[in-house]
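In what follows, a single structure is set out as structure tokens and then discussed.
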Amino acid sequence: MSEEKKPGWKELPEGDVLEAGTAAKFNVAGWRSEKPVWSKDNCIQCMICWIVCPDSSVKVVDGKMTGFDYDHCKGCGICSHECPTKADKRAIVMEQEKK
Ligand code: SF4
Ligand code: SF4
């Protein structure tokens, strides 16, 4: 019985090369089933949504929340869950995506 010689790791073909920051090149809008909708009037500018968003999708201008980057928001709802505004004056509500 002949024993097959397996290649060492140095002989394996190179796979894909991952680089930091490549997520910025992808539009993930199609992944969402829900999206956060912001109410400027109800927002108290606490910036908690900006802190908790795992996808850096809360847009900020001059230190103030100004809306969402819908190209990169995946619709997880964490911002809406953590927003401290009261039920009758919510600053972020999750709405169904229209497909
Ligand atoms: S829904 Fe999730 S990904 Fe989108 S802005 Fe809120 S926390 Fe960020
Ligand atoms: S968490 Fe709510 S109140 Fe605070 S900045 Fe974001 S939207 Fe405004």
Tally, over the range 25-59, of residues that are among the β-branched types (Val, Ile, Thr) and more than 9 Å from ligand 2 (Cβ to nearest atom): 2
Residue satisfying condition, being over 18 Å from the mean Cα position of the chain (by Cα) and on the phi < 0 side of the Ramachandran plot, within set Pro36, Pro84, Pro54: Pro84
Quick test for you: out of Thr22, Thr66, pick the one residue that is over 13 Å from Ile78 (Cα atoms), within 16 Å of ligand 2 (Cβ to nearest atom) and among the polar types (S, T, N, Q). Thr66
Quick check on the range 11-29. Is at least one of its residues within 12 Å of ligand 1 (Cβ to nearest atom), within 19 Å of the chain's Cα centre (by Cα) and in a loop (DSSP other than H, G, I, E, B)? yes
Meets criteria (touching a residue at least 24 places away in the same chain (Cβ under 8 Å), part of a strand (DSSP E or B) and surrounded by 13 or more Cβ atoms within 10 Å (Cβ to Cβ)) for Val37: yes
Could you tell me whether Ser33 is modelled with pLDDT under 95 and hydroxyl-bearing (Ser, Thr, Tyr)? no
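The values are calculated or read from the model by the stated rules, or taken from the named source; none is laboratory data. It should be emphasised that the depicted structure is a prediction, and the values quoted were computed from it without experimental measurement. When we count neighbours, we look across all protein chains shown, and the Cβ atoms used for this are built from the backbone with ideal geometry, even at glycine.
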